[in-house]
Every structure is written in structure tokens, then in C-alpha cells.
Amino acid sequence: MSRYIIPLLLVGIPFYGLAVKKVKVYESFVEGAKDGFTIAVRIIPYLVAILVSIGMFRASGALDMLLTLLSPVLNFIGFPPENLPLALMRPLSGSGSLGLLTDLINQHGTESLIAKIGATMFGSTETTFYVLAVYFGSVGIRRSRHALAAGLIADAVGIFSAVYICRLLFAAPALTNDSIKQYDLVNIQELDPSIFVELKYSTADNFMNTDVYGDLETCYLRKAPARMLVKANTFLRETHPGLRLLVYDGLRPRHIQWKLWNTIDHIPESERTQFVADPRSGSIHNFGAAVDLTLADSSGSPLDMGTKYDFFGELAFPALEDSLLEIGELTSQQVTNRQILRNVMKTAGFSPITTEWWHFDAFPYQVTKSKYAIVE
């Protein structure tokens, strides 16, 4: 039935005008088109000015500078800095703000708090300046009186309400003392202070060049994997005095997993799982039962493993070490260092994977899933 609505309107309205109202439909249509063209000429300068201003603001780097300056304040009040460009763009342009919202969703994932805040913000605010320029301009209104102030106040209420409501409904619980007890997590350095910890995702020294962990600077694991890690470090110290384990990552909440997944969206999803676990099913890191680590000397300096941590390429594949050694891409010392790490971790019960020399699982995925819940 719906397919006939538009043809019916196209035929019905002119027929009604001609037969019932006795209106000269064609002449009225032409006159209306002329008026529409006149209005378009009148409001086009407003639209061009808005679009040019938006383009200059983004291209000049002023938006990035403003974001950098305001980030400390925004973080303090609980406003995600990633949502600020959308909040600024929304009163100016519907298409521009929709593009920013799409970027947020693609970058952070549909289930992320940032995407949910952005979508709610988009739906609860209006393109105030666009409305004033187009609709007021089309009928020649030059003095908007209180319309601008009222519109911007309404936008501000919508923006901050979106942040508050989404945080209330969707924010992942922080790792408080209560949640640490709830998830049966332990600080690995409380079990063994001789284990070095340098959480790479709590610094900018990672493949994203961004601190994605924020206040999370302690390495947590579930109790059983943590005890296994202590066993591995003890065995390492006994067999190779002067060496210690240096941990780069342990528990990784799932909302961080989404950031990692979306950062390498240039890699097809079918190949992406070689490097980052799909956050929809969850990484063993998200359960607190996997660890990324390397070997370090007694001062905490990492040994040469042939690649940096989180290197996305075959040079990091344990499965290819023999062939890489044969063609000179890896040295014998680098391979030996990897073998020492694998040996101590396997002795403690951990399992390596074929694509990352630094990653070890305490249990297989299905066993992990049956034992633990994902930490969001």
C-alpha cells in the first residue's frame, strides 16, 4: 500500500486544486518555485558561512587545540573529551554532527559509552544556528529576540543530560575495592613485588599512541592466574638469576578491547583476530586470565625480543621463528630470549599463542568463560 502513497499525492493534490478549489495549479506551482528560488538566494550566504566556518575550525587544528585545553576540566566533571567535537558541532550542522557521530561509533564501537553518549546527544539536541539561518532567514526575520538564547540553553541541557543519563545507565563500573573483591582480582605486585609492571595501555607508548587506561595503573589478574604468574617468576629467578618478568598488560576491561579493535579497522575483520580478539566475544584479557609480558634484567630493562610489544606483523609470530632466524630477520639471542620466556610460562601452566611472543593464556577460552565473567 505504501508504494502508492506518493503517486496518489502527486495526482490527487493537483486534481483537488483543479476540480474542487478551481485553482490554476500550474501557474501557482511556477509562482511558488520562483518564491522558493528567491528564498534560496537569500539564505545561501548563511549556509555557506556556516559550512566554511566549520571547515576552517576543523582544518586549522583549532578544534584539536581546544580539546587538549579542555580535556582536564572535562575529565574532572565526567564529560568524555571525545564527545566534545560533536557537542560543538551539533548546533551548527546536522550533517557535520552526523559525520562526527559516525566517526565515534566506528572508532569506539556501538556498545561503547562514548558512542551511546554521542547518539543520545545527537537525538536530544537541535541544529540551532542552522534553524535560525534557514527558517528565520527564509521568511525575512532578522531579530530573533530570545530564540537563540533559548535554543542554545536547550542544547546545553540536552548535551549534559545525555552525558549524565548515559553514565547512569551504561557506564562500566570502575575497579573499586568492591568490584575487585566481586571479580576475585588481585594486584600481582602484592603477591610478588619482584615482578616488574609497566602497563603499556596506561601510557602513550603503545600502537595507539594514547593512554587508554587512564587511572588504571595497577596490573590485576584473577587469583589463580596471578598465582601461576608468581610461580613463573620464581622459576625464572631460579633458572636465570638476574632476570625478572616485566608485565605489559593483565586484566583489560572490555570497553578498552573495543578501542583496540577499532584502531586497526584498516585490517579486514577476518584477519584482525590474529592480532586483537573480537570484543563481542571477549578476549581472555577481558576475563583477567591472560597476561602480556617480556623478560627484564634486574634493573627492569627489557631484553631484546626482536620486536616491540604489540608489533603487528609476522616478525612477532612464535610459529615463524625458525624460518625468520634462518633468513636473518631474527638473531639467535632474540629467539633464545623468547624461548626462555615461553619455557618459564609453560612450566607455570600458561599457554602461548602463535602470533604474539608476549601473550600467554592461563586457561583455554571455553574454560575461562565457564570460570569467570567478563569485566566490562
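What the table below lists for this structure:
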read-out	value
Residue list for segment 218-231, restricted to those being more than 20 Å from SER299 (Cα to Cα) and either assigned to a loop (DSSP other than H, G, I, E, B) or not small (Gly, Ala, Ser) (or both)	TYR220, LEU221, ARG222, LYS223, PRO225, ARG227, MET228, LYS231
Selection from segment 190-204 of residues that are within 23 Å of MET345 (Cβ to Cβ) and of a type outside the set (Phe, Trp, Tyr)	GLU190, LEU191, ASP192, PRO193, SER194, ILE195, VAL197, GLU198, LEU199, LYS200, SER202
Top-ranked residue in segment 298-326 [being assigned to a helix (DSSP H, G or I) and under 31 Å from the mean Cα position of the chain (by Cα); ranked as nearest to PHE207 (Cα to Cα)]	ALA316
Residue pairs meeting the criteria (Cβ under 6 Å; at least 6 apart or on separate chains; first among the β-branched types (Val, Ile, Thr), in segment 149-163; second outside any helix (DSSP H, G or I) and surrounded by 15 or more Cβ atoms within 10 Å (Cβ to Cβ))	VAL163/PHE79
Selected residue [acidic (Asp, Glu), touching a residue at least 60 places away in the same chain (Cβ under 8 Å) and in a loop (DSSP other than H, G, I, E, B)] from GLU356, GLU329	GLU356
Test: residue in segment 125-136 that is modelled with pLDDT of 75 or more, over 26 Å from the mean Cα position of the chain (by Cα) and at positive phi	no
Residue within segment 221-229 that is over 18 Å from THR347 (Cβ atoms), of a type outside the set (Asp, Glu) and either surrounded by 22 or more Cβ atoms within 10 Å (Cβ to Cβ) or in contact with a strand residue (DSSP E or B) (Cβ under 9 Å, 6 or more places away or on another chain) (or both) present	yes
Matching residues, segment 282-296, being free of Cβ contacts under 8 Å to residues at least 40 places away in the same chain and in a loop (DSSP other than H, G, I, E, B)	SER283
Condition met for VAL197 (out of contact with any Lys or Arg (no Cβ under 8 Å at 6 or more places or on another chain) and buried (at least 18 other Cβ atoms within 10 Å of the Cβ))	yes
Lone qualifier among VAL375, VAL291, VAL335, VAL276 - being among the aliphatic types (A, V, I, L, M), closer than 18 Å to ASN233 by Cα and crowded, with 16+ Cβ neighbours inside 10 Å	VAL291
The one condition in (1) part of a helix (DSSP H, G or I); (2) at positive phi that GLU238 fails to fulfil	(2)
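The values are calculated or read from the model by the stated rules, or taken from the named source; none is laboratory data. Since the model is a prediction, treat every value here as computed from it, not as a measurement. When we count neighbours, we look across all protein chains shown, and the Cβ atoms used for this are built from the backbone with ideal geometry, even at glycine.
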